[in-house]
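Readers should treat all values here as calculations from the given coordinates under stated rules, not as data from a laboratory. Given the structure is predicted, the values throughout are model-derived calculations rather than measurements. Here the Cβ positions follow ideal geometry from the backbone for every residue, glycine too, while neighbour counts run over all protein chains shown.
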Amino acid sequence: MNKKVLKSKFSLNNRINNIGGEMKRVNIVVLAVLCLLLSSMSYGRTIDGNLRKIEKRKNSIGLLIGGTGLFASFNYGRIILVKPNYFINLSVGIGSVPFAGGITFPHQVTFNLGKKSSFFELGIGGSYWSGKTNESGYTETFKSYQLTPVIGWRKHFNSNLIFRIYANLLFRVSGEYFIENYPVIPFVGLSLGYGF
């Protein structure tokens, strides 16, 4: 009886080891495919005329309504990497939340994929929010941080104008709630800027 139990345990261990080996092979194949895709995106094509213009005008300023600015913010953006069919953009800003009070410091990193002047945008951002409230009759200082994934569309026009629209979810990481007792809030951002 003990020999049968030992044999069944031994065969179970062999099966588990075989599954682990198969998973390693699958992970290696997935990693290889991802490396090939990224290398073809990086080196497969030459940069066209519209992306050359974007590459020359890496800086931008703009007004953002909603989004990571919470209500309204003025932002500075910088394109840090331009490849044939994508670029990476960083942005920081300062804004206000007039009804709830306070000042915001929004920031984002986005990966923009597309051709010519129209881009699909994916990224991550956040907003630090600080202000004072007088709801209890006493002035209280509050601080909050919201982290947010970003998904949207970006258009660069020949006149150097930049239009963006995106959706994001505000996840409260620390501090006060933006809206009481809602740890996750769906939000939309609309931005008009100028590239230089």
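This ranking places Thr148, Thr141 by how few other beta-carbon atoms lie within 10 Å of each, fewest first, which gives Thr141, Thr148.
Summarising the amide proton neighbourhood of Ala72: residues at separation of 5 or more, or on other chains, whose placed amide H is nearer than 5 Å comprise Gly66, Ser96.
Using Cβ contacts closer than 10 Å as the measure, can you line up His156, His107 from fewest to most?
In increasing order of surrounding Cβ atoms, one gets His107, His156.
Compared with the alpha-carbon gap, the fully stretched path from His107 to Val173 is longer by 22.3 nm at 0.36 nm per residue.
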